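The values are calculated or read from the model by the stated rules, or taken from the named source; none is laboratory data. If you're wondering where the values come from, they're calculated on a predicted model, not measured in any experiment. Don't worry about glycine lacking a Cβ; one is built from the backbone with ideal geometry, like all the others, and counts go over all protein chains shown.
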């Protein structure tokens with residue numbers, strides 16, 4: 001079973017437990033019903049911003065949809081053991097974000113730490129969701145569009161921001177970048 005299949009099964013299970021239709025969930029999360037149907041069928045793995053919206057609408061923490069197993073504290077993720085969960089972007093086109101969750105199995109966490117490879121891609125499409133994000137650039141350069149401002153960050157730079165403000169983080173200069181990100185979303 002692929003990560004997309006596992007995620008789709010979890011989304012459908014939690015939605016059905018709440019007696020919600022796909023349309024109800026779409027309305028509550030502020031996303032397209034077609035994207036939810038494609039995610040539930042395992043056809044796409046939604047971008048992180050969409051997963052945040054879906055988890056909030058279902059009353060669950062983000063990790064509920066990303067975890068495969070429960071691990072005791074401390075959860076240690078060795079660099080060579082990271083497992084990629086590539087997210088689809090914009091209704092299923094292959095995304096430019098390649099996610100490597102760093103706390104899978106920590107069932108009571110309140111933050112979602114990730115290692116992300118950001119590939120150059122299409123024009124920025126801002127997203128917003130409740131919570132906060134903290135990002136450190138570890139390789140390459142990124143551009144953060146935050147509200148109406150644009151910031152250029154280089155290796156070693158960091159950013160911390162309120163994710164309710166429309167934002168987009170992309171690779172700068174047409175080159176890939178690597179970042180560490182911690183996403184906090186209240187339940």
- Item | Residue among 152, 167 that is in contact with a strand residue (DSSP E or B) (Cβ under 8 Å, 6 or more places away or on another chain) and modelled with pLDDT of 95 or more | 152
- Query: With respect to the numbered conditions (1) part of a loop (DSSP other than H, G, I, E, B); (2) modelled with pLDDT under 90; (3) out of contact with any helix residue (DSSP H, G or I) (no Cβ under 7 Å at 6 or more places or on another chain), which one is the sole condition not fulfilled by residue 19?
  - Reply: (2)
- Task: Grab the strands (runs of 3 or more DSSP E) fully contained in region 93-182, keeping just those with 2 or more residues being without any contact (Cβ under 8 Å) to a residue 24 or more places away in the chain, surrounded by fewer than 16 Cβ atoms within 10 Å (Cβ to Cβ) and out of contact with any helix residue (DSSP H, G or I) (no Cβ under 9 Å at 6 or more places or on another chain).
- Result: 93-101, 149-154
- Note on the structure: Subset of region 53-82, residues crowded, with 19+ Cβ neighbours inside 10 Å, part of a loop (DSSP other than H, G, I, E, B) and modelled with pLDDT under 85, comes to 61, 66, 67
- Residue check: is residue 50 in a helix (DSSP H, G or I) and in contact with a strand residue (DSSP E or B) (Cβ under 9 Å, 6 or more places away or on another chain)? yes
- Message: If the requirement is being free of Cβ contacts under 8 Å to residues at least 40 places away in the same chain, under 19 Å from the mean Cα position of the chain (by Cα) and farther than 27 Å from residue 162 by Cα, which of these qualifies: 42, 8?
- Response: 8
